[in-house]
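Q: Let me begin by handing over the structure; questions about it come next.
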Amino acid sequence: MPGSSNTGFGTPPAHIAIIMDGNGRWATARGLPRTVGHKKGVEAVRAAVEAARELGVRYLTLYSFSTENWTRPQDEVSALMQLLRFYLRGEIAKLHRNGIRVRIIGERQRLSADIQALIENAESLTAGNTQMTLVIALSYGGRQELVEAARKIAVAVRDGELAAEAVTAELFAAHLSTGDDIPDPDLMIRTSGEKRVSNFLLWQLAYAEMVFLDTLWPDFGRRDLEEAIQEYHRRDRRFGATVGSR
Ligand code: IPE
Ligand code: IPE
Ligand code: MG
């Protein structure tokens, strides 16, 4: 049931965002090409989506490909795009069956036309689903998203549609790709031991709890998700207030 919890350790955070890192190192450690790690990574995505839905998470955001990832060698970028095609073609029907709404954020005009079509199809097919929202950050960069929002607002002010005084945090947030319908993440998980945000959801992560796991993404499973949620519940979120004043 949406919003219910099968974790046995309290309601899970409404929105979990994950930086799925470590595919390359997973493969290299086994003497395999990096792309094999990406392939295993897709299996971990399937497992994470299923686990999140079963645990009652309402929003799951997965960082799949960053703006900066375009600078990787051409063959790795192509392999990642090919995997994305396979994932979208093979998984959308199942996501839809499971009541999952799919949203893609990022600079989609940089993606090939066929992938853009797959994305549009996935979004429109699943738009009415209410079990969980799966946000896929693809060709996504937090700075680029902020600049784009600022540009849209500047144009509206220039054209006399918006007063400069009307620009508030709420209005700004509504101009981001997460709009006014996707709440900010409560919990951000990064795998692979790196402790940085790498241009992910710079605005939206303002008060997220961060959990960094040494697990490499292809090894990530339900247990890791549950552990991160348990760690989240041990945290004391204050949002800038003093303890007990909220
Ligand atoms: C994460 O794994 C997947 C993407 C960024 C697309 P990496 O490919 O970054 O793997 P490492 O960090 O090199 O191990
Ligand atoms: C962040 O991982 C992007 C994704 C997981 C899609 P990277 O591997 O690209 O980040 P850096 O280079 O370690 O900061
Ligand atoms: Mg990496």
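Only the coordinates and a few stated rules stand behind these numbers; no lab work does. What you see is a predicted model, and the numbers here were worked out from it, not measured in a lab. Here the Cβ is made from the backbone with ideal geometry for all residues, glycine too, and neighbour counts use every protein chain on show.
Q: Report whether or not GLU148 is acidic (Asp, Glu), touching a strand residue (DSSP E or B) at 6+ places or on another chain (Cβ under 8 Å) and farther than 16 Å from TYR63 by Cα.
A: For GLU148, the condition - acidic (Asp, Glu), touching a strand residue (DSSP E or B) at 6+ places or on another chain (Cβ under 8 Å) and farther than 16 Å from TYR63 by Cα - is not met.
Q: So the check is Cβ under 7 Å with 6+ separation or different chains; which pairs have a first residue in segment 193-217 that's within 14 Å of ligand 3 (Cβ to nearest atom) and a second one that's among the basic types (Lys, Arg) and in a helix (DSSP H, G or I)?
A: Every condition considered, the pairs that remain are ASN199/ARG143; LEU216/ARG25.
Q: Could I ask something else about it? Taking segment 100-116, which residues are within 18 Å of the chain's Cα centre (by Cα) and more than 22 Å from PHE200 (Cα to Cα)?
A: ILE100
Q: Shifting gears a bit: How many residues are part of a helix (DSSP H, G or I), hydrophobic (A, V, I, L, M, F, W, C), surrounded by fewer than 22 Cβ atoms within 10 Å (Cβ to Cβ) and within 16 Å of ligand 2 (Cβ to nearest atom) when one looks only at segment 15-37?
A: 1
Q: Do the conditions hold for VAL102, that is, is it of a type outside the set (D, E, K, R) and either within 22 Å of GLU209 (Cα to Cα) or part of a strand (DSSP E or B) (or both)?
A: Considered against the rule, which asks whether it is of a type outside the set (D, E, K, R) and either within 22 Å of GLU209 (Cα to Cα) or part of a strand (DSSP E or B) (or both), VAL102 comes out as yes.
For (1) within 14 Å of ligand 3 (Cβ to nearest atom); (2) of a type in the set (Asp, Glu), each residue gets a yes or a no:
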| position | (1), (2) |
| --- | --- |
| ASN23 | yes, no |
| TRP26 | yes, no |
| LEU32 | no, no |
| VAL36 | no, no |
| GLU68 | yes, yes |
| SER78 | no, no |
| LEU88 | no, no |
| GLY99 | no, no |
| GLY106 | no, no |
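Yes/no matrix, rows are residues, columns are (1) of a type in the set (D, E, K, R); (2) within 11 Å of ligand 2 (Cβ to nearest atom); (3) surrounded by 22 or more Cβ atoms within 10 Å (Cβ to Cβ):
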residue: LYS39; (1), (2), (3): yes, no, no
residue: TYR59; (1), (2), (3): no, no, yes
residue: SER64; (1), (2), (3): no, yes, yes
residue: ASN69; (1), (2), (3): no, yes, no
residue: GLN74; (1), (2), (3): no, no, no
residue: VAL77; (1), (2), (3): no, no, no
residue: GLU91; (1), (2), (3): yes, no, no
residue: ILE104; (1), (2), (3): no, no, yes
